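To keep things clear, I will list the structure first and then write my remarks on it.
The values are calculated or read from the model by the stated rules, or taken from the named source; none is laboratory data. All of these numbers come straight from a predicted model, not from anything done at the bench. Cβ sites come from the backbone with ideal geometry, for glycine too, and all protein chains shown count toward neighbours.
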Amino acid sequence: MAMRTASASSGTERLLARALPLAGLLSLPLILSACLSGRYTYVSHTNSSGGDSYFRFPSSWTEFSQDQIVTASDSKITLTQLKQIDATEWAYILSANPGATLANQKGLTSPKPFGISQQIELTAAQKSTFSLAALRTVFLPDDPLAKTASLSGYKYKVLSYSQFSNAYGMKGLRLLVNVTAPNGLTSTLDEAAAVDKATQWVYFIGLGCTETCFSANGATIKQIVNSWSVKENK
């Protein structure tokens, strides 16, 4: 699904395109509060409409906040521009690679677990046609459950899929899928996504790496995705 971006984020998008080869578009937010506590880093972000997402991951992993993402690509971005982005979009990148940088990220093709969490405000046009099928393409270029052939050249093998709703009226999904790129390399993605009851905000977390990497690290990845939760604070 084509997500809206602020004009000030174009340079950052080019940087992230190298890190996330499967993402249709990445959100570019400001900064969130994250604190270290023992073995885990805890991340929570509340958007401009009062929606909140939360997750945790091993404190030994590398993390990239919005400030790091944006300033690495555009050192001249202003505080006003950052606030404009944060009003409608938020993202956070994490990697199990201790030497990870924004420039050397390989997304799902990484031999070490890689992940991203996002919050994206839908435009009026997106709201009018939004569906769970669109929710399945927040990160992937195609709907892996679609009956028709992929237009992107990627192939998918769905390993597990379920839908859910929570006490806040949000609807979401959990998906575990093998993704084979046009070059033949297969990666595995574990993701969860939800949309609020007003169909205003989309929430997403996805972690994965090459199929071999996922076989060795799937339990840790599952724990991170399982820790993810969303709610409305209204």
Filter pass, T101 being closer than 24 Å to Y54 by Cα and either assigned to a loop (DSSP other than H, G, I, E, B) or free of Cβ contacts under 8 Å to residues at least 24 places away in the same chain (or both)
yes
Kindly list, by first and then second residue, each pair from a residue in the stretch 185-204 that is under 18 Å from D143 (Cβ atoms) and free of Cβ contacts under 8 Å to residues at least 60 places away in the same chain to a residue that is of a type in the set (K, R) and assigned to a loop (DSSP other than H, G, I, E, B), limited to pairs with Cβ atoms under 9 Å and residues at least 6 apart or on different chains.
E191/R136; A193/R136
Which of the residues that make up the stretch 41-74 are within 17 Å of S227 (Cβ to Cβ) and among the charged types (D, E, K, R)?
D52, R56, E63
Would you please name the residue that is surrounded by the most Cβ atoms within 10 Å (Cβ to Cβ), looking only at residues in the stretch 104-147 that are acidic (D, E) and farther than 16 Å from I205 by Cα?
D142
I need every pair where a residue in the stretch 66-90 that is within 24 Å of L122 (Cβ to Cβ) and in a helix (DSSP H, G or I) has its Cβ under 6 Å from the Cβ of a residue that is at pLDDT 80 or above and β-branched (V, I, T), sequence separation at least 6 or different chains.
V70/I77
Residues of the stretch 154-196 being of a type in the set (K, R) and surrounded by 15 or more Cβ atoms within 10 Å (Cβ to Cβ), in sequence order, are K155, K171, R174
If we keep only residues of the stretch 213-234 that are touching a Ser or Thr at 6+ places or on another chain (Cβ under 9 Å) and not in a strand (DSSP E or B), then the residue farthest from S162 (Cα to Cα) is K234
Qualifying residue in the stretch 112-126 (condition: touching a helix residue (DSSP H, G or I) at 6+ places or on another chain (Cβ under 6 Å), among the polar types (S, T, N, Q), in contact (Cβ under 8 Å) with a residue 60 or more places away in the chain and under 27 Å from T46 (Cβ atoms)):
no
Restricting to the stretch 89-103, and then to whatever is of a type in the set (S, T, N, Q) and surrounded by fewer than 22 Cβ atoms within 10 Å (Cβ to Cβ), can you tell me which residue is farthest from Q68 (Cα to Cα)?
N97
Residue within the stretch 203-223 that is charged (D, E, K, R), out of contact with any Cys (no Cβ under 6 Å at 6 or more places or on another chain) and closer than 25 Å to S128 by Cα present:
no
